[in-house]
Amino acid sequence: MSDKLYTQTFSSNTRIFSEGDEGAIAYVIESGLVEISTIEKDKQVLLGTLTPGQLFGEMALINDEPRTATAIAIKDTVLTVISREQLTERLKNTEPMLRMLIRVIISRYRTSIGHTRKAGMLSQLNVPLPDDTMSEETQTVAIEKFRRENELREALLNKELLVHYQPLLNMQTGKWAGFEALARWNHPTKGTIPPSKFIPLAEETTLIISIGMYVLRQAIKDMITMQTERNKVLPDAPPLFIAVNVSSKQIADTGFIDKVARVVAETGFPPASLKLEITESMTSDYQLVINWASRCRELGFSIAIDDFGTGYSSMEHLLELEVDTLKVDQTFIKKMYQSSKAKKLVIGMVRLSKALGFSTVAEGLENKKEFNTLRAMSIEYGQGFYIAKPQSSKQIIEKLKKSA
Ligand code: C2E
Ligand code: MG
Ligand code: MG
């Protein structure tokens with residue numbers, strides 16, 4: 001067997017696992033052929049032959065019992081690995097009723113195999129293999145997700161994830177006030193992949209926790225360098241801030257905020273220069289977010305509500321959550337000149353933010369007209385392609401050097 005973390009290769013006639021082994025992983029066949037067999041009355045009985053695209057070994061993972069069969073590669077075979085954590089995470093996200101059904105069905109299947117084996121009937125029974133019942137489409141979608149998840153895990157380990165920075169402009173002074181850290185995937189063959197293509201997948205699992213921490217660490221590290229460069233040219237300017245996006249799974253992770261506090265303490269980064277961006281749609285467990293936000297404030301971090309106006313229960317947020325900044329979502333800015341309603345909404349959101357004592361960011365400023373309109377509303381910060389696109393820390397540093 002040869003190993004990459006999420007892919008395993010077996011040469012012809014090698015054993016993948018044996019009946020009775022503890023099962024820690026399931027597999028999807030990428031290429032090759034796998035025979036599944038079991039022992040009945042000291043004889044090896046063939047249960048089936050699996051081909052590319054098929055899943056096996058998942059039963060031991062779901063109900064934590066030994067393997068019920070032996071798997072042998074009968075040709076040179078490449079397998080994608082699915083770990084117990086990946087499968088249990090997916091199961092956790094399913095309806096409790098479905099979870100119960102899956103466990104009951106597997107346990108009945110095990111019992112019935114046991115009875116059939118005792119009766120010496122296995123060889124006469126055409127035991128259905130697990131994925132026989134799946135439509136090809138469902139199977140492809142499900143398996144593709146595991147593949148993409150593995151690819152993303154591998155990317156994180158191989159340092160293919162990058163952080164770009166989009167400047168936020170102080171609308172009154174015309175100087176850069178800080179940056180938003182935005183994740184990018186520098187794929188070895190597909191080029192740069194935007195976050196919309198991989199963050200939602202990461203958010204389905206706890207992978208977002210590792211990605212989020214990676215982005216935060218990198219952002220703080222880069223910010224320290226960017227701040228040093230800026231101090232050289234503008235020593236009296238107020239410190240730059242860094243805004244980092246945070247997902248609901250990170251908020252639910254009890255260790256997250258302590259890890260952030262540790263990174264800040266270890267690097268000596270000023271806590272007041274760290275802004276955590278949360279979205280409205282993440283508040284299913286509202287009390288959790290309230291507690292999390294007040295802990296952030298104790299540690300000296302600021303909180304921004306991102307994409308304001310696009311989620312739900314936003315007014316409730318403003319009532320209870322200790323936030324500092326409100327980011328008016330770009331969809332309203334984009335529609336300002338086609339719809340007088342959209343413009344009124346922008347005016348309303350800016351007034352609301354001011355009345356509550358928050359600073360306001362206008363997102364997605366794409367042209368001079370939008371920029372001037374928002375500046376006339378006396379908002380604090382602007383962000384958008386008209387000001388600057390997200391770019392690498394190296395590019396930012398080049399511009400900071402010229403900004404004296
Ligand atoms: P966001 O937090 O609202 O970030 C702003 C997005 O708007 C960025 O897209 C930025 O490139 C884009 N943008 C900025 N100015 C303009 C403009 O003038 N016009 C247009 N059309 N777009 C503009 P990006 O980088 O593709 O990120 C999309 C979303 O992915 C982010 O939205 C955020 O929700 C999520 N994301 C990015 N990085 C991370 C991360 O590290 N962690 C988490 N949890 N989410 C992230
Ligand atoms: Mg954001
Ligand atoms: Mg946003």
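The values are calculated or read from the model by the stated rules, or taken from the named source; none is laboratory data. Everything quoted here is computed from the prediction, not taken from an experiment. Because the Cβ atoms are built from the backbone with ideal geometry, glycine has one as well, and the counts that use them run over all protein chains shown.
Would you mind telling me which numbered condition in (1) assigned to a strand (DSSP E or B); (2) more than 16 Å from ligand 2 (Cβ to nearest atom) Lys159 fails?
(1)
Scan segment 320-333 for residues that are at pLDDT below 90 and either surrounded by fewer than 16 Cβ atoms within 10 Å (Cβ to Cβ) or within 11 Å of ligand 3 (Cβ to nearest atom) (or both) and jot them down.
Glu320, Glu322, listed by residue number.
Give me a count of the residues in segment 258-295 that are away from ligand 3 (no atom under 16 Å from the Cβ), at pLDDT 95 or above and hydrophobic (A, V, I, L, M, F, W, C).
Matching residues across segment 258-295 total 8.
Would you tally the residues in segment 30-61 being β-branched (Val, Ile, Thr) and closer than 20 Å to Glu144 by Cβ?
2
If I go through segment 379-404 residue by residue, how many of them are within 24 Å of Phe308 (Cα to Cα), surrounded by fewer than 16 Cβ atoms within 10 Å (Cβ to Cβ) and either at pLDDT below 95 or charged (D, E, K, R) (or both)?
Selection size over segment 379-404: 1.
Among residues belonging to segment 247-278 that are surrounded by fewer than 19 Cβ atoms within 10 Å (Cβ to Cβ) and of a type in the set (Val, Ile, Thr), point out the one that is farthest from the chain's Cα centre (by Cα).
Residue satisfying both the conditions and the ranking: Thr267.
Out of Ser339, Ser294, which single residue is polar (S, T, N, Q), away from ligand 1 (no atom under 16 Å from the Cβ) and in contact (Cβ under 8 Å) with a residue 12 or more places away in the chain?
Ser294
Any residue that is among the aliphatic types (A, V, I, L, M) and either assigned to a loop (DSSP other than H, G, I, E, B) or outside the structural domain of Val246 (by TED's automatic domain parsing) (or both) - is there at least one of those in segment 275-295?
No, there is no match, as no residue in segment 275-295 is among the aliphatic types (A, V, I, L, M) and either assigned to a loop (DSSP other than H, G, I, E, B) or outside the structural domain of Val246 (by TED's automatic domain parsing) (or both).
Filter segment 297-322 down to the residues that are over 26 Å from Val264 (Cα atoms), free of Cβ contacts under 8 Å to residues at least 40 places away in the same chain and within 16 Å of ligand 2 (Cβ to nearest atom) and list them by number.
Thr310, Gly311, Ser314, His317
So which pairs qualify, if the first residue must be in segment 229-247 and touching a residue at least 60 places away in the same chain (Cβ under 8 Å), the second must be more than 16 Å from ligand 2 (Cβ to nearest atom) and of a type outside the set (S, T, N, Q), the Cβ gap must be under 6 Å, and the two must be at least 6 apart or on different chains?
Glu229/Ile397; Glu229/Leu400; Arg230/Leu400; Val233/Ala404
Could you figure out which of (1) in a helix (DSSP H, G or I); (2) closer than 25 Å to Ala362 by Cα isn't true of Leu169?
Status for Leu169: all satisfied but (1).
I want to confirm something. Restricting to segment 40-71 and keeping residues that are among the hydroxyl-bearing types (Ser, Thr, Tyr) and not in a strand (DSSP E or B), which single residue is farthest from Val141 (Cα to Cα)?
Thr68
What is the one condition in (1) farther than 27 Å from Ile220 by Cα; (2) more than 16 Å from ligand 1 (Cβ to nearest atom); (3) part of a loop (DSSP other than H, G, I, E, B) that Glu322 does not satisfy?
(1)
Pick from Lys145, Lys232, Lys190, Lys197: which is within 13 Å of ligand 1 (Cβ to nearest atom) and of a type in the set (D, E, K, R)? First the steps, then the outcome.
Working: Lys145 fails: within 13 Å of ligand 1 (Cβ to nearest atom); Lys232 fails: within 13 Å of ligand 1 (Cβ to nearest atom); Lys190 fails: within 13 Å of ligand 1 (Cβ to nearest atom).
Criteria check complete, one pass: Lys197.
Return yes or no: is Ala243 within 16 Å of ligand 3 (Cβ to nearest atom), surrounded by 14 or more Cβ atoms within 10 Å (Cβ to Cβ), of a type outside the set (Val, Ile, Thr) and not in a helix (DSSP H, G or I)?
Spelling it out, Ala243 is indeed within 16 Å of ligand 3 (Cβ to nearest atom), surrounded by 14 or more Cβ atoms within 10 Å (Cβ to Cβ), of a type outside the set (Val, Ile, Thr) and not in a helix (DSSP H, G or I).
Can you name the number of the only condition in (1) under 20 Å from Thr116 (Cα atoms); (2) surrounded by 20 or more Cβ atoms within 10 Å (Cβ to Cβ) that Gly48 fails?
That leaves (2) as the condition not met.
Are any of the residues in segment 81-100 at positive phi and in contact (Cβ under 8 Å) with a residue 40 or more places away in the chain?
Taking every residue of segment 81-100 in turn, none turns out to be at positive phi and in contact (Cβ under 8 Å) with a residue 40 or more places away in the chain.
Please state which of the following conditions His317 fails to meet, knowing it meets all the rest: (1) within 16 Å of ligand 3 (Cβ to nearest atom); (2) at pLDDT 95 or above.
Here His317 clears every test but (2).
Kindly indicate whether Asp236 is in a helix (DSSP H, G or I) and among the acidic types (Asp, Glu). Spell out how you get there, then give the answer.
Working: in a helix (DSSP H, G or I): no; among the acidic types (Asp, Glu): yes.
Answer is no for this residue.
So, of the residues in segment 200-229 that are near ligand 1 (Cβ under 9 Å from one of its atoms) and more than 19 Å from Ser83 (Cα to Cα), which turns out to be surrounded by the fewest Cβ atoms within 10 Å (Cβ to Cβ)?
Pro200
Answer yes if at least one residue in segment 334-356 is part of a loop (DSSP other than H, G, I, E, B), within 16 Å of ligand 3 (Cβ to nearest atom) and closer than 30 Å to Val260 by Cβ, and no otherwise.
Within segment 334-356, none of the residues are part of a loop (DSSP other than H, G, I, E, B), within 16 Å of ligand 3 (Cβ to nearest atom) and closer than 30 Å to Val260 by Cβ.
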